[in-house]
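Note sheet for the following structure.
The values are calculated or read from the model by the stated rules, or taken from the named source; none is laboratory data. This is a predicted model, so every value here is computed, not measured. Cβ placement follows ideal geometry from the backbone for every residue including glycine, while neighbour counts extend to all protein chains displayed. Accessible surface is based on the protein model in full, side chains and every heavy atom, while ligands, DNA and RNA are left aside. Shrake-Rupley method; radii C 1.70, N 1.55, O 1.52, S 1.80 Å.
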Amino acid sequence: MNRQDTNALILVLEDEPDIARLICNSLGEYGFRSEHLTTGQQLLARARQTAPDLCIVDLGLPDMDGMQVVRALQDGSPCAVLILTGRNDVTDRVLGLELGADDYIVKPFEPRELVARVRSILRRYQRAAPAEPAPSEASLARFAEWTFDKGRHALIAPDGREINLSAAEAALLLTMLRRPNKILSREQLLGERDLDPFDRSIDVRISRLRRKLDDDPQNPRLIKTVYGAGYLFSAQVIWE
């Protein structure tokens, strides 16, 4: 892995000083800026101030459960999230992904793997994020009586309710809205060429997005599963 100079800001939430030092030093070696925080409240306050590119969140914290931090980040300061946990439990991993985390890594960990996962998540966001729009470029997508405001990551339901999306959910929906009625592979949706065949994070995000769209997972109208191929967004999309 070659070192690269990035301008990404990463907030590291870890209450064990030795582990935090290892993480920050490893990130620094590859050009990332990082800040260490020891409590969930500190991280949430800092995230509101700085709008970080990614947060690394330990689940075992002195003031609150790490899952609460992940949920609060997605509700108030949407950004990429990597869960760092000593809990090697599938339930915790799935719950973390459902709450909006992009990936997880279990302690003890290899620093180079952590950096690789950080870079992978950030690449995913860079590929999904649109270039800065020109003033005349459409920013609202209308479909099946729903409206998506890409500038605010807001989903407006047919009854007028506004539903906030996490950064990952907004990027996923935007990718599908730009290519409606076309089968998109899991690799295309995640922006990864070498996706692990056992990586189910995209399926978790699809499930979460379906719930927010009131799309019955047993008989979805909007996000259809094409077995062995990927997913298809089945709706006419009008950009304004």
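Scanning for something surrounded by 15 or more Cβ atoms within 10 Å (Cβ to Cβ) and closer than 15 Å to Ala167 by Cα, does region 24-46 turn up at least one residue? Scanning region 24-46 turns up no residue that is surrounded by 15 or more Cβ atoms within 10 Å (Cβ to Cβ) and closer than 15 Å to Ala167 by Cα.
Regarding Gly100, is this residue part of a helix (DSSP H, G or I), crowded, with 19+ Cβ neighbours inside 10 Å and at pLDDT below 85? Against the criterion (part of a helix (DSSP H, G or I), crowded, with 19+ Cβ neighbours inside 10 Å and at pLDDT below 85), Gly100 does not qualify.
If you check Leu189, Leu232, Leu173, Leu184, which single one turns out to be at pLDDT 90 or above, in contact with a strand residue (DSSP E or B) (Cβ under 9 Å, 6 or more places away or on another chain) and open to solvent by less than 20 Å² (accessible area, probe 1.4 Å)? It would help to see each step written out before you state the result.
Details: Leu189 fails: at pLDDT 90 or above; Leu232 fails: open to solvent by less than 20 Å² (accessible area, probe 1.4 Å); Leu184 fails: at pLDDT 90 or above.
The unique qualifying residue is Leu173.
Every condition in (1) modelled with pLDDT of 80 or more; (2) among the aliphatic types (A, V, I, L, M); (3) open to solvent by 10 Å² or more (accessible area, probe 1.4 Å) is met by Leu195 except one, and the failing one is (1). Of all residue pairs spaced 6 or more apart or on separate chains, those with beta-carbon atoms under 8 Å, a first member in region 181-199 that is in a helix (DSSP H, G or I) and a second member that is small (Gly, Ala, Ser) and at pLDDT below 75 are Leu190/Ser201. Hey, among the residues in region 208-221 that are over 15 Å from Ile156 (Cα atoms) and outside any helix (DSSP H, G or I), which one's least open to solvent (accessible area, probe 1.4 Å)? Looking at the filtered set, the residue picked out is Pro220. Within the bounds of region 81-88, is there any residue that is in contact with a Lys or Arg (Cβ under 8 Å, 6 or more places away or on another chain), of a type outside the set (S, T, N, Q), touching a residue at least 60 places away in the same chain (Cβ under 8 Å) and not in a helix (DSSP H, G or I)? Yes, region 81-88 contains a residue that is in contact with a Lys or Arg (Cβ under 8 Å, 6 or more places away or on another chain), of a type outside the set (S, T, N, Q), touching a residue at least 60 places away in the same chain (Cβ under 8 Å) and not in a helix (DSSP H, G or I). Within region 108-122, being surrounded by 15 or more Cβ atoms within 10 Å (Cβ to Cβ) and either more than 15 Å from Leu22 (Cα to Cα) or touching a residue at least 60 places away in the same chain (Cβ under 8 Å) (or both) holds for Leu114, Val115, Arg117, Val118, Arg119, Ser120, Ile121, Leu122.
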